Amino acid sequence: MLSGGATLVIVLAALAGVLLRPFGVREAAYAMGGAVLLVLCGLLPVGAALRAAGQGWDVALFLAGMMLLAQLAAQEGVFDWAACLVARAARGSPWRLFTYVYALAVLITGFLSNDATAVVFTPAVAAVARQAGVEKKLPYLLICAFVANAASFLLPISNPANLVVYGAAMPALPEWLRLFTLPSLAAIFATYALLWATQARALRGAVAVPERLALNANGRLTLAGLVMMAALLLLSSGLGWHLGPPTFCAGAGTAALVLARGRQSPWPVLRAVSWSVLFLVAGLFIMLGALERMGLTAHLAVLSARLGPLQLGAAVALLCNLVNNLPAGLLAGHVLAGAAPALKAAALIAVDLGPNLSITGSLATLLWLQALHREREAVTNWRFLRLGAVMMPPALVLALYALRIAV
């Protein structure tokens, strides 16, 4: 009992550090610090810790490949080029600009992951807003935050949390589409309608049409790499393969080819990638291993069996906003390992969409906040929470009811 209490104290303290980042220390330092402390205190054997960290290898490879290619796309101007095309297509209408940026954010999230939307597309949207002479950029930037979560169960590749929740039991692509297409459409359209309704006053007036941006040879090669990665991931998902290895190979291979062709140093791309995210994932997996060892997941499995999909979804969504969706997804994946497909699907929707309530709900939203600070825009936790309280609950309820129809 004493060791169980100590484990809980260390895990909760580490998660608080991840969420609050006291002293400006990165999230990964607190996650790995908690993991190391569990081992040093004898609460988790070294072998068990290594095995737990090893369970996240697929997520780590997925993130590494995705971050490499996303950063390369940013460096070669691919996202700026795509966003500029969207702004030109708007022809001076703020409603069309908002709608087209939203649609592009959905595509990027669906086929390249929510982290690409949060990290790379956010600066591109800010740049286009400047070129278009938009007086208030925040409504367009909010698209990146909310779509990064709302569209992240469109495909298995849309969110690393999907890999965490399902693990080796990831549904084949046809089964995924059967379960999640209708809930995804419900979440995407509900989020669009609510975001437009809350931001309509700030979107009045005409916007300028920016000048055309050209994509150079390296940019075109990078774009081809992005298309190839999306196709490869869809194929891998359809065949039931792990998604990490093909993502890493596509990302690293495209980066090597583009940098070699342009005789560029790899260090700017490598330095810009947030490698600390991989240590964050490893630390979270180790802490989850400690919780499993003390029997917490078994107790939660019994409790979750008494809940329906709607009740479970609401509970998981709340948990995501308390402890962040990545550890919540890790926990849900283990607790619901033998659960009915409808319950597991409801948990995944909550893990992906639930974080739209608060700014600390998901890793993607935290990354978006960092990108926002670089653009000298500010959104307080309270302001985001007030908007999230309007945005998330209706979208979550609609998505969960759509799941009932799908299953």
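Read the figures in this text as sums done on the coordinates, not as results from a lab. As the structure is a prediction and not an experimental result, all values here were calculated from the model. Every residue, glycine as well, gets a Cβ built from its backbone with ideal geometry; the counts of neighbours run over all protein chains shown.
With a 10 Å Cβ neighbour count serving as the proxy for reagent exposure, in which order, fewest first, do Trp95, Trp368, Trp382 appear?
On the way: Trp95 13, Trp368 27, Trp382 10.
Ascending Cβ contact count within 10 Å gives the list Trp382, Trp95, Trp368.
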To make sure I understand, if each residue's beta carbon is the centre and we count other beta carbons within 10 Å, what order do His373, His242 fall in, fewest to most? His373, His242
Describe numerically, in nm with one decimal, the distance between label points set 7 Å from Cα along Cα→Cβ at Ala206 and at Arg220. 3.4 nm
Sort 261-274, 130-143 by the packing proxy (mean of other Cβ within 10 Å over each peptide's residues), most packed first. 130-143, 261-274
Listing Arg201, Arg404 by rising number of other beta-carbon atoms within 10 angstrom, fewest first, gives Arg201, Arg404
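Go through 86-93, 189-196 and give me the packing order, highest mean Cβ count within 10 Å leading. The partial results should precede the final answer.
Working: 86-93: 17.4, 189-196: 19.1.
For the peptides 86-93, 189-196, the packing ranking is 189-196, 86-93.
Classify region 189-236: rounded, prolate or oblate, from the alpha-carbon gyration tensor (a ≥ b ≥ c, eigenvalue square roots; a/c under 1.5 rounded; otherwise prolate if a/b is larger than b/c)? Don't jump to the answer; show the numbers that get you there.
Numbers: a/c = 7.07, a/b = 1.51, b/c = 4.67.
Since a/c reaches 1.5 but b/c is at least a/b, the shape of region 189-236 is classed as oblate.
If the chain between Ala406 and Val39 were fully stretched, how many nm would it gain, using 0.36 nm times the residue separation less the Cα-Cα distance?
Here the segment from Ala406 to Val39 would lengthen by 127.7 nm.
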Please work out the C-alpha center-to-center distance from region 131-174 to region 386-401 and express it in whole Å. 15 Å
Would you work out if region 68-179 is rounded, prolate or oblate? Take a ≥ b ≥ c from the square roots of the eigenvalues of the alpha-carbon gyration tensor; rounded if a/c is under 1.5, else prolate when a/b is larger than b/c, oblate otherwise. prolate
Which value in deg cm²/dmol, rounded to the nearest 500, describes the helix-derived mean residue ellipticity at 222 nm for the chain, given -39,500 (n - 2.57) per DSSP H run of n ≥ 4 and division by the residue count? -24000 deg cm²/dmol
What whole number of Å gives the distance from the Cα centroid of region 1-78 to the Cα centroid of region 248-279? 23 Å
Let's see if you can work this out: charge +1 on each Lys and Arg Cβ, -1 on each Asp and Glu Cβ, no other charges. What is the dipole magnitude of the chain about its Cα centre, in debye to the nearest 20? 740 debye
Between Cys320, Cys144, Cys41, find the one with the highest GNM mean-square fluctuation for the chain; connect C-alpha pairs within less than 10 Å. Cys41
Report the residue, chosen from Leu239, Leu326, Leu226, that carries the largest GNM mean-square fluctuation when the chain is represented by alpha-carbon nodes joined by springs under 10 Å. Leu239
Taking a ≥ b ≥ c as the square roots of the eigenvalues of the Cα gyration tensor of the chain, is the shape rounded (a/c under 1.5), prolate (a/b larger than b/c) or oblate? prolate
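Multiply the residue gap between Leu385 and Trp95 by 0.36 nm, knock off their C-alpha separation, and tell me the result in nm, one decimal place. Don't skip to the answer; put the middle values down first.
Working: separation 290, 0.36 × 290 = 104.40 nm, distance 2.46 nm.
Difference between extended and current length: 101.9 nm.
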